[in-house]
Each structure stands twice: as structure tokens, then as C-alpha cells.
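Below is one structure, written out as C-alpha cells, with a few remarks after it.
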Amino acid sequence: MNESAPFHKYNPYVALLDKYRDVAWAGPRLPENKGRWKVFFAGRMQREPARTILEIGSSNGAFLSALAASHPLSAFIGLDWKYKLVFKGCEKSEKLGNKNTAFLRARAQDCETIFSPGELDEIWLFFPDPWPKTAQQKHRLFQEPFLKSAAKLLKPGGHLHIKTDHPGYFQWMLAVMGMDFDDDAGARAILPLGEGKSRRNRQVLHRTLENKDLPQRSERACADFEVAARSYDFWPEEATLREHFKDDPPLFWGQTTLFEALFRKDQLPVFFLSLQRR
């Protein structure tokens, strides 16, 4: 993928990804489809896609590839930073025979070099790194620079869908959008510890609310987006949330990522926020 020789030496997936250069982009090739993603997918799908969806943090592509196989009329683009995960995503999608997927080895901050304004119908941000320590929170993606970029790349009426398992990060997201964390609705997010060193107990210890230094309301984000839906416990409320989207629910409805399946098994709440581009 036109990377330097030393990196090839230590990461074999740089070279392996060349096998999928027709559906995967990295490095200097990232801008190649800017402004022409619908044309690219129309050539592969033999029709223009009904939706063009970007998943930020697509991991090994299993979730994205399965959804693409179930929804062949929409186009799915997976973005991740690790070459190995991008390669695995291409591999899984190829095995399913998908013609409606593409993969990017990139950062979320690179999106404006890859897409043109209004080119995306939806952006999915599922379980982003919560950077839970106070000193780390400056690295959280959900801040005004990212939201400004997302608003630029989404078409009017397009959606940014977010899920997180971390109540503190959800509290942070609401603060950015000028909303308070509902203590009553969010009470079940503060879970009691059980006995022993189970996976669930380790996860409960990780999930805390922020006690200070919440961000200020972003006037720019609130001008660009309206809050279409929010939930403090997505899965029990999924049927009710459908009402917000009428006859056009998100394509991920009823499906879980790998980690989300574990959270459900451990009866841990999943928080959901959907923003609609004004």
C-alpha cells in the first residue's frame, strides 16, 4: 500500500492488504474516491446504493460484512487504524461475496480527505475508546472538531449513530449537545459490584460517571445537529426507539457487535445517541 520498507518488515499485513487494493485504501491512496463513492459502488453493485454508510472503528469487519450481506442495496465503508483488522474485514466480506463494501486504513480525523461534503447518508460510531482517565479525555473523539467534520460529510437529514457502554462517556456526549444526564433514567448505569473477579465485575469497575470537567455545550454541534433519539439502555428500549425512525429504522437494528453481545450477556446497559444533520 505504498508504505515505507521498514514498516513492511515488521507488519506483514501492509503487503497482504495489496490483495484487496480494489476495495481497500490506505496511505496516499485514501483520497482516490473522494466525491465519487457512489460511482465506485454503482460499478460494483450495478446500481447506485440506496445508502452510503461509514462505520468508524470497524474492527475485523465481521459486523459490517454481515450487515452488508443482509442489505445488498446499501453501501458500507469500514474504517479502522490497524492493517490487520482492515485485511480481516476485506477477507470476511469477500467470503460472503459482498459487492457493497469497502475498507479504509485511516483515522476518523482523516475523513475530510476521503469524502466530499454530503457524500455520506450515515456515520456509525460504535463503542469508541472512552479514554476514562481525566488526563485522557482530551483524546475522546466525540468533540466539536469531529462533529463539525461529520456534519460536513453527512447529507442534510443524515444521521450520526453512536453507541457506548461507558456511562461517563455518554454523560460527556450529552454535555456536548447541551443536555443533562438524567439521574433517574441513568440510575441503572451505576451497577452494583458482585462477588469475585468475573468479567462483569471488571466491566462494572470500568464504568463510572464524570464528577467534574464535563465539556461545555457546543453551539456549533447544536446548530449542525438535532438529537433524534437517545437511550440509557438500548436493547430493552429498542422497540420504542423505532418510533423515532418511523418506517426507516437504521440497518443495524437487531444486530450486535462482538463486544455488544458480551455486554448483553453480562446485562450491562448500552447507551445510544442518534444525531440528525439539520
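The values are calculated or read from the model by the stated rules, or taken from the named source; none is laboratory data. Since the model is a prediction, treat every value here as computed from it, not as a measurement. Using ideal geometry, Cβ is built from the backbone for each residue, glycine included, and neighbour counts are taken over all protein chains shown. Keep in mind that these areas ignore ligands, DNA and RNA; they rest on the heavy atoms of the full protein, side chains included. Shrake-Rupley method; radii C 1.70, N 1.55, O 1.52, S 1.80 Å.
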Exercise for the section: For the stretch 92-104, name all the residues that are in contact (Cβ under 8 Å) with a residue 40 or more places away in the chain and either closer than 21 Å to PHE259 by Cβ or open to solvent by less than 30 Å² (accessible area, probe 1.4 Å) (or both). Expected result: SER93, ASN100, THR101, ALA102, PHE103, LEU104
Practice task
Answer with yes or no whether GLU243 is open to solvent by 50 Å² or more (accessible area, probe 1.4 Å), out of contact with any helix residue (DSSP H, G or I) (no Cβ under 7 Å at 6 or more places or on another chain) and under 18 Å from ARG277 (Cβ atoms).
Solution key: no
Fill in the blank from the handout: Filtering the stretch 133-147 down to residues that are of a type outside the set (Lys, Arg) and surrounded by fewer than 18 Cβ atoms within 10 Å (Cβ to Cβ) yields THR134, ALA135, GLN136, HIS139, GLN143, GLU144, PRO145
Exercise for the section: Please specify each residue of the stretch 246-262 satisfying the condition of being within 24 Å of SER58 (Cα to Cα) and either open to solvent by 30 Å² or more (accessible area, probe 1.4 Å) or in a helix (DSSP H, G or I) (or both). Expected result: ASP248, PRO249, GLY254, GLN255, THR256, LEU258, PHE259, GLU260, ALA261, LEU262
Exercise for the section: Output the number of residues of the stretch 24-61 satisfying the condition of being aliphatic (A, V, I, L, M), in contact with a helix residue (DSSP H, G or I) (Cβ under 6 Å, 6 or more places away or on another chain) and assigned to a helix (DSSP H, G or I). Expected result: 1
Practice task
Name every residue in the stretch 150-180 that is touching a Phe, Trp or Tyr at 6+ places or on another chain (Cβ under 6 Å) and among the hydroxyl-bearing types (Ser, Thr, Tyr), in order of residue number.
Solution key: THR164
Practice task
Answer yes or no: is there a residue in the stretch 110-132 that is in a helix (DSSP H, G or I), among the small types (Gly, Ala, Ser), surrounded by fewer than 22 Cβ atoms within 10 Å (Cβ to Cβ) and at negative phi.
Solution key: no
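For every residue, the table says whether it meets (1) under 13 Å from the mean Cα position of the chain (by Cα); (2) more than 16 Å from ASN33 (Cα to Cα).
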residue	(1), (2)
LEU79	yes, no
LYS82	no, yes
PHE87	no, yes
LYS92	no, yes
LEU96	no, yes
ARG105	no, no
ALA108	yes, yes
THR113	no, no
THR134	no, yes
Problem - ALA150 vs. criteria touching a residue at least 12 places away in the same chain (Cβ under 8 Å) and either assigned to a strand (DSSP E or B) or buried (at least 21 other Cβ atoms within 10 Å of the Cβ) (or both) - result: yes
